[in-house]
1. Straight-line reach from Lys90: which lysines have Cα under 21 Å away, leaving out those fewer than 8 places along the same chain?
2. Highest first, please rank the peptides 130-139, 381-390 by the mean number of other Cβ atoms sitting within 10 Å of their residues.
3. Please work out the C-alpha center-to-center distance from region 244-266 to region 80-144 and express it in whole Å.
4. Any chance you could get the radius of gyration and Dmax over the Cα atoms of region 79-221, in Å?
5. So who's got an amide H within less than 5 Å of the one on Leu95, skipping anything under 5 residues away but keeping other chains? H placed 1.01 Å off N, in plane.
Amino acid sequence: MASTQRLLLLSALVAGARAHGHHHELTDADIHKPVDAILWIHIFLQAAIWGVLFPTGMVLGLSKSRWHVPLQATGIALTLGGYILGHAHKGRAFLMGAHGKFANLLLIPILAQLCLGIYLKLHIHEKSLRPYAVKLHGLVGKTYPILGWTQMLFGAITFRGYCRGGRLGQCLAHYIMGSGFIAYGTVMAIILLVGENWVRRSGRSPEWWDSWVIMLWGIVNTFTEHHGGDWSVKDMQHTILGVLWWAGGMLGIFLSRNNQRNVVPALIIILTGWAMANHAQALMISTEVHGMFGNTLLAAGLARIVEIAVFAPNYAAGPESSADADDAHSDHTLTVGESSTRTMAARAFRHLPPYLLTAAGLLFMSGTDEELQYAHDAGMDHVTYILIMFSLSFVIYTLIVGLINLYATSGRNAPSAPGQKGVDEGGIELSSPTGIRNNW
């Protein structure tokens, strides 16, 4: 009897989910209806799952922790429940948009990951299919933070009704580039905190990778900012920024040959920040927010130059082997032999460039015309608005470094893990002056 009741309840929820849809047109009554408790639960539940739970599970999977499977299984169960709640709420209605369509597409990687996980737990086809399933499972899992970030952005856009009526272009520019800066800061934090051995094995300096991304993005930007007709001031500024990026990126690639460090990517960030700080805007709050974004980006570039020129360690030879011969010329974030004072300063300072990039990205994402118009109409001044964004950037960067730390201290990387590899054995930790694990 209880099973029948549960089945009927589930059927009712699914029916409600199908009955509730997004609409092509909304009345004033639909727009101004209050947001009910079910929708609030959906918002906070899915944000917690995709923003925290799934990235944590992904990191535990990378470190081969035994908590990976139960955490991801819980996340899948909760996100399916949140999916139903998102369609079962009453109250305010929303126009059809990317959020609802992308939610349906997300079922594909969720179910794929579930099926692959179950298959891997069976431990069959060890010599044939399983190795490929392991790689596919890892690949799909690594896309979860990107997919979750994208869907949360779509959700916020849908909730506020933004990016419609000719606003799509400026939304894409702000959200894509802002997210790009946050991703840049995340990758930089990973390289600086736990990526030393990867940099050594790649045989390329960090600026080599930076310069390639900047050059390719500049090529795209050069040919996509102007759409015909008369050239506006913004068209000219955005297009020349594209030229700046591919020209500077090309120079950065050349100067990075033979695994050399250089400051060209940082200089490009500085020039971009200066240009954005002087970007003409219609509203005073918009001018101030864009100015703070530009100054933050400029500070990130300056901090990167200081990190390279002052705190970058000496190159130290790796283990005596032909395979590691080139490692003698790789980027050691903390090298044996440095003074303890210099090492402590480097450990503290290396968080500044990636954090400032994260803050700059969030400021740029918050600088769309509609967001700033809403803040202006609400009577919010630019100081309050900017401080809200910096507060959120602290939260995001805390999550970033928390996940990096979790990777460095969980599963096979835990200090007490059997067969745990130390610094000299090719582990993931940074070298420290005492040769012990780095407690950053």
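Just so it is clear, none of the values below were taken in a lab; they were calculated from the coordinates. These numbers were taken from a predicted model, which means no experiment stands behind them. So basically every Cβ, Gly included, is an ideal-geometry build from the backbone, and we count neighbours across all protein chains shown.
1. Here the lysines satisfying the reach criterion relative to Lys90 are Lys33, Lys101.
2. Details: 130-139: 13.5, 381-390: 15.3.
By packing density, highest mean first, the sequence is 381-390, 130-139.
3. 39 Å
4. Expressed in Å, the Cα Rg and Dmax of region 79-221 come to 19.7, 57.
5. His23
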